[in-house]
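As structure tokens, the structure follows; a few thoughts come after it.
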């Protein structure tokens with residue numbers, strides 16, 4: 001009953017949710033393939049005005065690779081989303097549009113450095129690590145003080161916590177990733193002649209990170225503006241803005 005009341009309160013405030021994400025958060029989606037993930041969010045929110053959706057590919061390459069990319073981009077723009085192309089996860093903090101903005105949620109689903117050999121070959125492993133490390137370093141600079149960085153990947157991702165720590169990020173949660181939670185989302189291979197093909201996800205998780213505070217982590221009382229409950233988080237101080245902090249699935253501040 002308590003959870004239901006919190007949900008009802010959130011709806012009364014006009015906040016719409018899809019899994020971990022809400023219309024009250026400013027969201028940057030990195031490397032979105034055919035833009036179907038961003039479109040799933042915008043559709044659930046009834047607007048894309050809080051979303052910046054990006055692809056590594058140019059618009060021309062995108063439309064050649066993915067059958068639905070053009071229609072997805074058009075729909076996102078019609079819903080008010082900002083769509084950017086040619087955005088490299090390892091250098092994005094210097095992009096003209098992005099460098100002037102900060103985000104509550106930065107999302108990178110299934111980062112992949114390309115098919116340059118077998119996944120077990122060391123040069124391929126290094127490429128994937130460099131991509132994730134570069135993403136963390138750049139995303140850290142675009143994150144609001146109480147924001148989160150989310151990476152979704154197959155379970156057992158090696159060294160992800162270590163790579164995040166190198167950019168002064170701390171992992172605060174691991175949750176199962178379920179494709180069906182995002183209606184219309186279709187992960188793509190993204191490279192080669194089979195770019196538009198789906199790939200089997202198998203068991204996947206979403207890994208959540210926050211920026212480390214200077215010095216020791218200090219426990220402070222946080223305040224939830226939806227249910228008016230107080231609780232203690234090792235990462236956040238007093239919550240001052242619903243729009244900045246967002247609200248968790250149960251109606252609480254997400255952390």
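Here are a few things to note about the model shown:
- Extension gain (nm, one decimal) between residue 161 and residue 78, 0.36 nm per residue minus Cα-Cα: 26.1 nm
- Nearest-0.05 FRET efficiency for residue 175 and residue 93, computed from C-beta distance (R0 35 Å): 0.85
- Cα gyration tensor shape for segment 30-89, rounded if a/c is under 1.5, else prolate or oblate: prolate
- Highest mean packing comes first when the peptides 144-155, 77-88 are listed by Cβ atoms within 10 Å, giving 144-155, 77-88.
Values quoted throughout were computed directly from the atomic coordinates according to the rules given, and no laboratory measurement underlies them. Values in this document were obtained by computation on a predicted structure and should not be read as measured data. Cβ atoms come from the backbone with ideal geometry, glycine included; neighbour counts cover every protein chain shown.
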